[in-house]
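Trainee: What follows is a structure written as structure tokens; I'll ask about it next.
The values are calculated or read from the model by the stated rules, or taken from the named source; none is laboratory data. This structure is a prediction, so every number in the text was calculated from the model and none was measured. When we count neighbours, we look across all protein chains shown, and the Cβ atoms used for this are built from the backbone with ideal geometry, even at glycine. Note: accessible area is taken over every heavy atom of the protein model, side chains too, but ligands, DNA and RNA are not part of it. Shrake-Rupley method; radii C 1.70, N 1.55, O 1.52, S 1.80 Å.
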Amino acid sequence: MAGASSAVVPTNRYAILLAIFIAFGFLFGYDIGVISGCLIMPDFIRRFGEQDSNGNFFLSSSRSSIITSLLSAGTFVGALAQAFTSDRFGRRGSILIWSAIFTIGVAIQTGTTFSIVQITIGRFIAGLGVGALSAIVPLYNGETAPKALRGTLLVLYQLQIIVGLFLSYVFDLATHHLNNAASWRIPVGLQLVWGAALLSGIFFLPESPRHLLGTGKREEAKKVIALLNGVPEDHAVVDEVIEELDFAIRAENEGGKATWMECFSTRNNLWKRTGNGMMLQFIQQLNGQNFYYYYGDTFFQSAGTEMSPYVIQVVLGAVSVAGTIPALHLIESWGRRKSLLTGAALEAACSLIAGLVGHFTLAPKGTAKELLTHRNKQGGDTLIAFAVLHVFSFSIFWGPTPWVYLGESFPLRVRPKSIALGSATNWLWNFLLGFFAPRIADDIGPLILMIFFGMLVFGFGYVYLFVPETKGLSLEEVDEMYRSGVKPWNSADWKPHLTDQLHHKTADVRDSDEKGSGEQHHETATA
């Protein structure tokens, strides 16, 4: 029977379908992008804005800020809070809990009539779910995906963020002309579909096998591993994976229960790993691509375009989606380090050229289109071209890779906490960038791109000196690599020894058992 089971060829089809469902069942970027279009819809402004002395409704900067920023506040809290639920209730349980919280937040927003308090509270509650799931999804996919495909499947995480942004722009464009609450309720309420999709996972989402083994549920872990590999439970692949995970988890758990401070301890170089995860998220947010989303319409208008802000958003969203698709292949063929280094170099060049061209050729903000000179329009066209190239390059390299790195760099005992810290860093700087960038741009204009240029140069140096290559390694082999102390610039050629040690240990145990059995047989025969 065992021999017949071993003849079954393992397949990762179920693991791939699972990762696709998790990635696209929750389009995180949608909730971030949809509000930007709502803020300029007449019905939204009438319901949640203020009246001036002439009786006209307007949405003050303070009200706009609180409506948008409450989501970011919620995401920051949620990203940290999921570390507690992921350990206590498991990865599967956490996905369901935070999906329900997100859905409640969306329902509160959609049902709002005239209360700005209600819509901001709804956005905060939805933000809790978005932030928590932004950490759980790479955690779950990192623990269930086969190592040869882990990078590609984790890139799906970034792709669904970009697809979510793009869809939000498309729905805003489709409904903004309506003169009633449907103009904003339809695009906001559609998020209930994403929440319902993930909640349906209660019927078929398996728990992470690493979490099951870490909590002593060996038989359940065997069932999940067999399911993920498309083989019977008595297949040799299942036993091999169980042995590898058992060996690694025992080594990880020697120090007792993990604490938040352990994420920054010298044990197994955890401080380096957590620091890298947080720093890559910080650099990602200060790449400059978000600035083009905020000010893309201004740049396009400087070139004399007649496109509306809604169309401009759709264009940038489409470029982002197109850029993320090649990353599905490049993340495994090029690896993590090469992707980050290439992206930093390309985006730095785009920021430098766009910043200087914009500063020296664009007309002052607010200049009437009929007053734009040929030089102004040429400068605008050039800046637009490099803005599109920048967004495209970001989507290939720095958009997905930091999330891939975050999902595969930590040992089981601190994985939820370390991923939470990295994800929370992303949301914190997302909030700070959205809050301060417009004010800085009002003061220095396109020269703000020089700040992003400097950050990208710093990012190139940081990746070269501190970020090792993790392509093709299991999560346990990543742990071994950090313990080995290999230099990041030599890490692409590093080879793991964990599997060899495990096989030698297993062989020694088997030889010992056979020797013991043979001696017992000899003694019996002599007697």
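Trainee: Could you sort 388-398, 103-113, 78-88, 440-450 so that the peptide with the highest average Cβ count within 10 Å comes first and the rest follow in order?
Mentor: Packing order, densest peptide first, comes out as 388-398, 78-88, 103-113, 440-450.
Trainee: Another question, if that's okay. Under the rule a/c < 1.5 gives rounded, and otherwise a/b versus b/c splits prolate from oblate, where does the range 115-184 land using the Cα gyration tensor?
Mentor: Numbers: a/c = 5.99, a/b = 1.83, b/c = 3.27.
Judged from the Cα gyration tensor, the range 115-184 comes out oblate (a/c at least 1.5, b/c at or above a/b).
Trainee: Say each of Ala322 and Ala368 gets a label point 7 Å from the Cα, pointing the same way as Cα to Cβ; how far apart are those two points in nm?
Mentor: About 3.5 nm separates the two model spin labels.
Trainee: If you don't mind, there's one more thing I want to ask. Given Cα pairs under 8 Å that are at least 6 residues apart, what percent is the relative contact order of the range 93-138?
Mentor: 49 percent
Trainee: When ranked by the protection proxy of mean other Cβ atoms within 10 Å per residue, highest first, what sequence do the peptides 46-53, 342-349 form?
Mentor: Output ranking for 46-53, 342-349: 342-349, 46-53.
Trainee: Something else now. Could you compute how much accessible surface Met261 exposes when probed at 1.4 Å, giving the result in Å² to the nearest 10?
Mentor: 140 Å²
Trainee: Tell me whether the range 15-95 comes out rounded, prolate or oblate; compute the Cα gyration tensor, take square roots of the eigenvalues as a ≥ b ≥ c, and use a/c under 1.5 as the rounded threshold.
Mentor: prolate
Trainee: Just report the Cα centroid separation between the range 42-111 and the range 196-236, whole Å.
Mentor: Each part's Cα centre sits 33 Å from the other's.
Trainee: Shifting gears a bit: For the peptides 418-428, 321-331, 215-225, 65-75, what is the packing order when you average, over each peptide's residues, the other Cβ atoms within 10 Å and list the highest mean first?
Mentor: By packing density, highest mean first, the sequence is 418-428, 65-75, 321-331, 215-225.
Trainee: Rounded to a whole number, what is D in µm²/s for the range 412-451 from Stokes-Einstein with the Kirkwood radius over alpha-carbon pairs (20 °C, 1.002 mPa s)?
Mentor: It diffuses with D of about 179 µm²/s by this estimate.
Trainee: Assigning unit charges at the beta carbon (Lys, Arg +1; Asp, Glu -1) and nothing else, what dipole magnitude in debye, to the nearest 20, does the range 184-244 show about its Cα centre?
Mentor: In total the dipole reaches around 540 debye.
Trainee: Heavy atoms only, 1.4 Å probe, whole protein assembly: order Phe247, Phe57 by accessible area, highest first. Walk me through the numbers on the way to the answer.
Mentor: Values: Phe247 45, Phe57 95 Å².
Result, largest first: Phe57, Phe247.
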